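The values are calculated or read from the model by the stated rules, or taken from the named source; none is laboratory data. Since we're looking at a predicted model, the values are computed, not measured. A quick note on method: Cβ atoms are made from the backbone with ideal geometry, for glycine too, and the neighbour counts reach across all protein chains shown. Accessible surface areas use protein heavy atoms only, side chains included; no ligands, DNA or RNA. Shrake-Rupley method; radii C 1.70, N 1.55, O 1.52, S 1.80 Å.
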Amino acid sequence: MLEAKSVDNHENESKQSLPNLPISTIWMISFGFLGVQMAFSLQSSNMGRIFQTLGADPTQLGFFFILPPLAGLVVQPIVGYLSDRTWMPQLGRRIPYLIVGTIVAVIVMFLLPNAGSFGFGFGSVLALTFGAVAILFMDLSSNVAMQPFKMMVGDMVNEKQKGFAYSIQSFLSNSGAVLASIFPFILTIMGVANSAPKGAVPPSVVISFYAGAVILIICSVFTIVKVKEYPPAEYAAYHGITEESNKGKVGMLQLLRNAPKVFWTITVVQFFCWMGFQYLWTYGTGAIAANVWNTADPTTAAYQSAGNWFGVLSAVQAIGAVLWSLVLTRVQRNKRKPAYALSLVLGGIGFSSVFFIHNQWALIISFALIGIAWAVMMTFPFTILTNALSGEKMGTYLGLFNGSICLPQIIASCLSFILFPAIGSSMPAMILISGILLIIGALSVSIIKETSAN
């Protein structure tokens, strides 16, 4: 097991510096994130396809996409709050929640793609309700499993290594997204059916979810077995707090009032970025089906081919993010904001170009640019924020910060009920709107002022 360094020396210091961790430890802290991101990517790249295959009205897709961020908005602050107060000698502070989240996520990953296989009927309320409930529980469990990885970086990694640690997390996250996104496409090439009876999800998608569940288990076990969190006394010494600090009862509203200014300025940037990505996940498959395959009928083979290609493009996005995250590891602190803004601008260009492109191969460039924005969104916000936080209530603050991810998605989905019909129910036009939102996010980076915890 990877042991935290002792803090027996310097006992008289009120705060000891977090040690430099071995590179292998930093990798193991985040390794399970690969599996969790596979679950999220299978969900995000296939949700629109699954619900339209089940018979959902395209104008009402936003309803189903409200559920996942709503789950995250509720669950992640609770996980942060509780894990700040948890210590299990054999497991740690954050890992117990990782275990519970992983188990539930795996169960739901076996159920969700079968939502159309229980005889409910195409477009039936029962089929869509089953799918909606499955999505809700999948996101609840994935959020419970995901949050510990972000928190452990905040807990265990010093400021000097934190940017690198979150970049590694981004690298692993996007590697998982690559695998998840190409599974249906690869399985189709291997001869697995990419079509199914009306109202049922194709076997290529079903088996992809099964494979993702197995990989999630394997990756999470690596982190659970290989990482040993700092026990309460060491954690308190490294973060300059008392062992009782995290146990005090402070309301979340009070914590928000006391949050550093950078918490709120990053939230502004996050607002526009996550709205943009919400529309990609909701309308991406339909936009490609309309622009490239010239169809809007989810029961056709052409539409399912578009769904597979959206998976491939999502993999391209993830590969672009993997490569760009390696670039971001080399960005110095004084260059972080320009790199942040540039990455979002490139992503905005990628989104906007989808509206104009009708060639499936040209879309590879568009999604590679989108991947650049995704990489920076997975890295810089958490690096900047955790550098400004002390160890006290770290988990709770990171859980609350998840609101900057979830609320924009909820707002975007609610607005879609008005916006989508207003633009002629054009799914490609919704992706163009995503591009505009990313550009606004890039302009908002200028209001961020980086600080360090005292």
Largest-first ranking of 192, 225 by accessible area, probe 1.4 Å, whole protein assembly kept, is 225, 192
Once every DSSP H run of n ≥ 4 in the chain is given -39500 (n - 2.57) and the sum is divided by its residues, what mean residue ellipticity at 222 nm do you get, rounded to the nearest 500 deg cm²/dmol? -25000 deg cm²/dmol
About the Cα centre, and with charges only on the beta carbon of Lys, Arg (+1) and Asp, Glu (-1), how big is the dipole of the range 155-273? Nearest 20 debye, please. 260 debye
Among 425, 438, 343, whose Cα projects farthest towards the positive end of the dipole of the range 313-454, with charges put on the beta-carbon of Lys, Arg (+1) and Asp, Glu (-1)? 343
Under a 1.4 Å probe, what is the accessible area of the range 69-159 per residue, stated in Å²? 35 Å²
Among 293-302, 25-34, what's the highest-first ranking by average C-beta atoms within 10 angstrom per residue? 25-34, 293-302
For residue 81, what accessible surface area do you get with a 1.4 Å probe? Give it in Å², rounded to 10. 60 Å²
Per its Cα gyration tensor (rounded if a/c is under 1.5, else prolate when a/b beats b/c, else oblate), the chain is best filed as prolate
Point-to-point label distance, residue 261-residue 193, nm (Cα→Cβ direction, 7 Å offset): 6.2 nm
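Compute the relative contact order of the range 63-209 as a whole-number percentage, counting only Cα pairs closer than 8 Å that sit 6 or more residues apart in sequence.
29 percent
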With angles folded into 0 to 90 degrees, how steeply does helix 261-291 sit against the dominant principal axis of the chain? Use alpha carbons for both and round to 10. 20 degrees
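Sequence gap at least 6, Cα distance under 8 Å: using those rules, report the relative contact order of the range 136-214 to the nearest whole percent. Write down the numbers at each step before the final one.
Details: 32 pairs, mean separation 13.6, N = 79.
RCO, the range 136-214: 17 percent.
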By its C-alpha gyration tensor, with a ≥ b ≥ c as the square roots of the eigenvalues, how is the range 330-454 shaped: rounded for a/c under 1.5, else prolate for a/b larger than b/c, else oblate? oblate
Between the range 380-438 and the range 219-244, what is the C-alpha centre distance in whole Å? 30 Å
Measure nothing fancy, just the Cα-based angle from helix 301-328's long axis to the longest principal axis of the chain, in degrees from 0 to 90, nearest 10. 30 degrees
Give me the number: length gained by fully extending residue 114 to residue 186, i.e. 0.36 nm times residue separation minus the C-alpha to C-alpha distance, one decimal in nm. 23.9 nm
Can you compute the charge dipole magnitude of the chain about its Cα centre, using +1 on each Lys and Arg Cβ and -1 on each Asp and Glu Cβ, nothing else charged? Give it in debye, rounded to the nearest 20. 540 debye
Solvent-accessible ranking of 159, 450, 229, largest area first, probe 1.4 Å: 159, 450, 229
Under a crude label model (7 Å from the Cα following the beta-carbon direction), how far is residue 327 from residue 415 in nanometres? 2.7 nm
So for the pair residue 87, residue 335, with labels modelled 7 Å out along Cα→Cβ, what separation do we get in nm? 4.2 nm
For the range 356-375 and the range 181-205, what is the centre-to-centre distance using only Cα atoms, to the nearest Å? 23 Å
What does the charge dipole of the range 81-201 about its Cα centre add up to, to the nearest 20 debye, if the Cβ of each Lys and Arg holds +1 and the Cβ of each Asp and Glu holds -1? 120 debye
Leaving out ligands and nucleic acids, note down the accessible area per residue over the range 319-388 with a 1.4 angstrom probe, in whole Å². 39 Å²
Protection proxy ranking, peptides 335-345, 305-315, average beta carbon neighbours within 10 Å, highest first: 305-315, 335-345
Roughly how many Å is it from the Cα centre of the range 262-295 to that of the range 133-147, as a whole number? 20 Å
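For the chain, with all protein chains present and a 1.4 Å probe, just round the carbon and sulfur fraction of the accessible area to a whole percent.
Answer for the chain: carbon and sulfur cover 69 percent of the accessible area.
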Relative contact order in percent for the range 323-436 (Cα pairs under 8 Å, 6+ apart) equals 37 percent
Applying the gyration tensor rule to the Cα atoms of the range 132-262 (axes a ≥ b ≥ c; rounded if a/c under 1.5, else prolate if a/b exceeds b/c, else oblate), the class is prolate
To the nearest 10 degrees, how steeply does helix 203-226 sit against the main Cα axis of the chain, on a 0 to 90 scale? 10 degrees
